[in-house]
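Working notes, beginning with the structure itself.
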Amino acid sequence: MTRILAVANQKGGVGKTTTTVNIAAALALAGKHVLVIDLDPQGNASTALGLEHHSGVPSTYEVLTQDLPLRDIVTRSPEGDGRLWAAPATIDLAGAEIELVSLVAREGRLDRAIQLYVEDHARQHGAPLDYVIIDCPPSLGLLTLNALVAARELLLPIQCEYYALEGVSQLLRTVDLVTRHLNPNLRVGAVILTMYDGRTRLSSQVVQEVRAHFGEAVLPTLIPRSVRLSEAPSYGQTILGYDAGSSGALAYIQAASDLVEREGMG
């Protein structure tokens, strides 16, 4: 079974894209076949994975609004030892929220596209796709809704900063609504704590608070605050390609391992 994860938190700056691309690269380097779907009009995941995503490039916009098959836009990323693929996002995706409103079965368009691609991938590459990881925009609009309908697991990044849990309850209410009405298979698969600074009391307090709130769903590995992590995308790389020995790279490799171990949990 392909594991389909939506990386979502409507709060910006919590490490969604950083988590998406680095978990994906770590899984690919561990031998998994991984597809990243960039659903954020900013296209930051596309940048980090070394993909072209200027306006005019076929992207997730055409998949959602024009029924273009994912296979027509998916390209192999230079990262991940040949086992990492990605579907780019362009700025055109910013208009998709409005265009989707009038379309039939608007919430399930990404789900159908992924199901077809999973079959295509197995035929084309002679191996199943192990993971699909969807990078969501910082909102709870129709793009994120499409991701939640397509996903089986929510991967929720929470930063170790003030107001860490602010807005999370709204996301969880949305997840509950999606589970009841659109996708009964969706669950909170894992919570990952990002931007941890062991020198501050605040970070430790946030870790305790989040673990008290989410319990076993919280991955044991903490992602440290790291300059190298923020530098990597500007070179069109994940942290594993940019500085594989850095604390951020080692943390994401371990977090990916934590995620693999959770398969079948819940």
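The values are calculated or read from the model by the stated rules, or taken from the named source; none is laboratory data. Keep in mind it's a predicted model, so treat the numbers as computed, not measured. Methodologically, a virtual Cβ is constructed for each residue, glycine included, from the backbone with ideal geometry; neighbour enumeration extends over all protein chains shown.
Below, the figures for the structure above:
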| read-out | value |
| --- | --- |
| Odd one out for E216 among (1) touching a Phe, Trp or Tyr at 6+ places or on another chain (Cβ under 8 Å); (2) part of a helix (DSSP H, G or I) | (1) |
| Enumeration of residues in the range 1-55 that are hydroxyl-bearing (S, T, Y) and touching a His at 6+ places or on another chain (Cβ under 9 Å) | T2, S46, T47 |
| S139 in a loop (DSSP other than H, G, I, E, B), surrounded by fewer than 22 Cβ atoms within 10 Å (Cβ to Cβ) and at pLDDT below 95 | yes |
| Residue within the range 161-168 that is out of contact with any Asp or Glu (no Cβ under 8 Å at 6 or more places or on another chain), surrounded by 15 or more Cβ atoms within 10 Å (Cβ to Cβ), hydroxyl-bearing (S, T, Y) and farther than 18 Å from R3 by Cβ present | no |
| Residues of the range 161-188 classified as under 24 Å from A249 (Cβ atoms) and either among the aliphatic types (A, V, I, L, M) or modelled with pLDDT of 95 or more (or both), total | 1 |
| Residue ranges of helices (runs of 4 or more DSSP H) in the range 1-69 with at least 2 members surrounded by fewer than 20 Cβ atoms within 10 Å (Cβ to Cβ), of a type outside the set (D, E) and on the phi < 0 side of the Ramachandran plot | 60-66 |
| Filtered residues of the range 225-242 (kept if crowded, with 20+ Cβ neighbours inside 10 Å and either touching an Asp or Glu at 6+ places or on another chain (Cβ under 8 Å) or within 17 Å of L156 (Cβ to Cβ) (or both)) | R225, A232, Q237, T238, L240, G241, Y242 |
